[in-house]
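The values are calculated or read from the model by the stated rules, or taken from the named source; none is laboratory data. These numbers come from a predicted model, not from an experiment. We place every Cβ from the backbone using ideal geometry, glycine too, and count neighbours over all the protein chains shown.
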Amino acid sequence: MNPLTTRIGTFILGLVLSGVALFLFGGLEHINMANMMAWAHVIVGITWIGLLYYFNFVQVPAVGAALADKEGPGAAGINKYVAPRALFWFRWAALATWITGAGALENIHGGDGSGVVAAFTFAEGFAFIGLGAWLGTIMLFNVWFLIWPNQRKILGLNETASSPEEIASAKVIALMASRTNTALSLPMLLTMVGYGHGLGM
């Protein structure tokens, strides 16, 4: 059976290929919890930020163009079939990114106490990545408490229908929170990648 014919098969194939890469080139003796947690953090983080960029650079402009095209198919297909699924992966990937990030902080902290506390209090050696942790936390808050509740109103996913005024307000809030996250993602990614390459140390 071709593993590429299913999503789970494709993902398992990726894990197998990762194992092969580790076995052939990575040095199995260097496998530890810190590396595995950082790898998981990168995978779910790419999922989260990739979907953030998809919403901002692909879906929002596409829906706007679809609504402006009076002779076209409209935005119903995107809003009914694509957006709810994308938002599911978006919000849960955001949470998984924060959790795996906290786990990574714990595993890279060599001293007494908590790596999460060290980062969030800008302890010595953790200030740069601590900034990234704060930015990621703000972004997570925006996803769960601004973007998702307002997208539910926009897409009609609540039990009760929202008024046109509520939907118009929800569109502004969701868009501004999403654009804020897009702007914050750049310094956040700089701190995450930079910390691993000696910046801010």
(message) Suppose the filter is farther than 25 Å from ASN150 by Cα and in contact with a Pro (Cβ under 7 Å, 6 or more places away or on another chain); does GLY9 pass it?
(response) yes
(message) Out of TRP92, TRP98, I need the residue that is touching a Ser or Thr at 6+ places or on another chain (Cβ under 8 Å) and either in contact (Cβ under 8 Å) with a residue 40 or more places away in the chain or surrounded by 11 or more Cβ atoms within 10 Å (Cβ to Cβ) (or both). Which one?
(response) TRP98
(message) Can you list residue pairs whose Cβ atoms sit under 8 Å apart, with the first residue in the range 186-199 being of a type in the set (Ser, Thr, Tyr) and the second being modelled with pLDDT under 95 and outside any helix (DSSP H, G or I)? Count only pairs 6 or more apart in sequence or on different chains.
(response) THR191/LEU199; THR191/GLY200; TYR195/MET201
(message) Looking at VAL60, VAL42 in this structure, which one is free of Cβ contacts under 8 Å to residues at least 24 places away in the same chain, of a type in the set (A, V, I, L, M) and either touching a Cys at 6+ places or on another chain (Cβ under 8 Å) or surrounded by 11 or more Cβ atoms within 10 Å (Cβ to Cβ) (or both)?
(response) VAL42
(request) Output the residues belonging to the range 15-30 that are hydrophobic (A, V, I, L, M, F, W, C), closer than 24 Å to MET192 by Cα, surrounded by fewer than 13 Cβ atoms within 10 Å (Cβ to Cβ) and more than 22 Å from the chain's Cα centre (by Cα). (result) ALA21
